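Engineer: Sharing a structure here in structure tokens format.
The values are calculated or read from the model by the stated rules, or taken from the named source; none is laboratory data. Values in this document were obtained by computation on a predicted structure and should not be read as measured data. Note that each Cβ is placed from the backbone with ideal geometry, even for glycine, and that neighbours are counted across all protein chains shown.
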Amino acid sequence: MTRGDKARELFYEGYNCTQSVVGAFCDDMGIDRETAMRMSSPFGGGMGRLREVCGTVSGMYIVLGYFSGYDRPGDYEAKKILYSRVQELAERFKKANGSIICRELLGLSGSSEPAPEKRTAEYYKKRPCPELAARAADILDKYLKDCGMITRGNCSIAE
């Protein structure tokens, strides 16, 4: 099963778009599923259904931060490297999907009510979210492997 398959499966289980991507990597990050789902839960729906940055993209960045983030505020080189990686992932996602903005991907205008829609067959028919989650997870998986941050299924932080 690919990371994308796992992310799609998690979305169909009822997790939001961000949770689906983060959940596809939580075992490799050494984070239990509950913690991964909690910390990524606010980002769904383009950040709390504001329809801004797609939650699948936010999920990529959460996972990227785990493997490639910095923890010293004065480490400008590490910050530059991380932001470069963020921009690269955004470009890859945009190239595959046309945008990184939730409302644009869904064909909506503005934000929406905070109450999420019920997950029904009709909901899944009108939403590209399961496939966006799958693409985001696969884009990230390839990127992390190409950069040497994940090897042979075991994650390590790249030097």
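Engineer: Mind telling me which of the residues 86, 53 ends up being out of contact with any Ser or Thr (no Cβ under 7 Å at 6 or more places or on another chain) and buried (at least 17 other Cβ atoms within 10 Å of the Cβ)? Full working, then the answer.
Structural biologist: Values: 86 fails: buried (at least 17 other Cβ atoms within 10 Å of the Cβ).
When all the criteria are applied, what remains is 53.
Engineer: Give me the pairs, please: first residue somewhere in the stretch 1-22 and within 14 Å of residue 131 (Cβ to Cβ) and in contact (Cβ under 8 Å) with a residue 40 or more places away in the chain, second residue anywhere and of a type in the set (Val, Ile, Thr) and part of a helix (DSSP H, G or I), beta-carbon distance under 6 Å, and either six or more positions apart or on two chains.
Structural biologist: Sorted first by the residue in the stretch 1-22, then by its partner, the pairs are 7/21; 17/56; 21/56.
Engineer: Is there a residue being surrounded by 11 or more Cβ atoms within 10 Å (Cβ to Cβ), among the hydroxyl-bearing types (Ser, Thr, Tyr), under 17 Å from residue 46 (Cβ atoms) and modelled with pLDDT of 95 or more anywhere in the stretch 111-130?
Structural biologist: no
Engineer: I'd like the full set of residues that are assigned to a loop (DSSP other than H, G, I, E, B) and either without any contact (Cβ under 8 Å) to a residue 24 or more places away in the chain or under 14 Å from residue 10 (Cβ atoms) (or both), limited to the stretch 129-150.
Structural biologist: 148
Engineer: Continuing with the same structure: Of the residues 84, 109, only one is in a loop (DSSP other than H, G, I, E, B), farther than 20 Å from residue 24 by Cα and among the hydroxyl-bearing types (Ser, Thr, Tyr); which?
Structural biologist: 109
Engineer: With (1) in contact with a helix residue (DSSP H, G or I) (Cβ under 8 Å, 6 or more places away or on another chain); (2) assigned to a helix (DSSP H, G or I); (3) of a type outside the set (Val, Ile, Thr) as the list, and residue 78 as the residue in question, which single condition is left unmet?
Structural biologist: So the condition that residue 78 fails would be (1).
Engineer: Here are the criteria: (1) among the aliphatic types (A, V, I, L, M); (2) out of contact with any Lys or Arg (no Cβ under 6 Å at 6 or more places or on another chain); (3) modelled with pLDDT of 95 or more. Tell me which single one residue 24 does not satisfy.
Structural biologist: For residue 24, the exception is condition (2).
Engineer: A further question on this structure: Are any residues in the stretch 46-75 within 18 Å of residue 148 (Cα to Cα) and either touching a residue at least 24 places away in the same chain (Cβ under 8 Å) or in a loop (DSSP other than H, G, I, E, B) (or both), and if so, which ones? Outline the logic, then answer.
Structural biologist: Restricting attention to the stretch 46-75, the residues satisfying the condition of being within 18 Å of residue 148 (Cα to Cα) are 60-70.
Those that are within 18 Å of residue 148 (Cα to Cα) and either touching a residue at least 24 places away in the same chain (Cβ under 8 Å) or in a loop (DSSP other than H, G, I, E, B) (or both): 60, 61, 62, 63, 64, 66, 67, 68, 69, 70.
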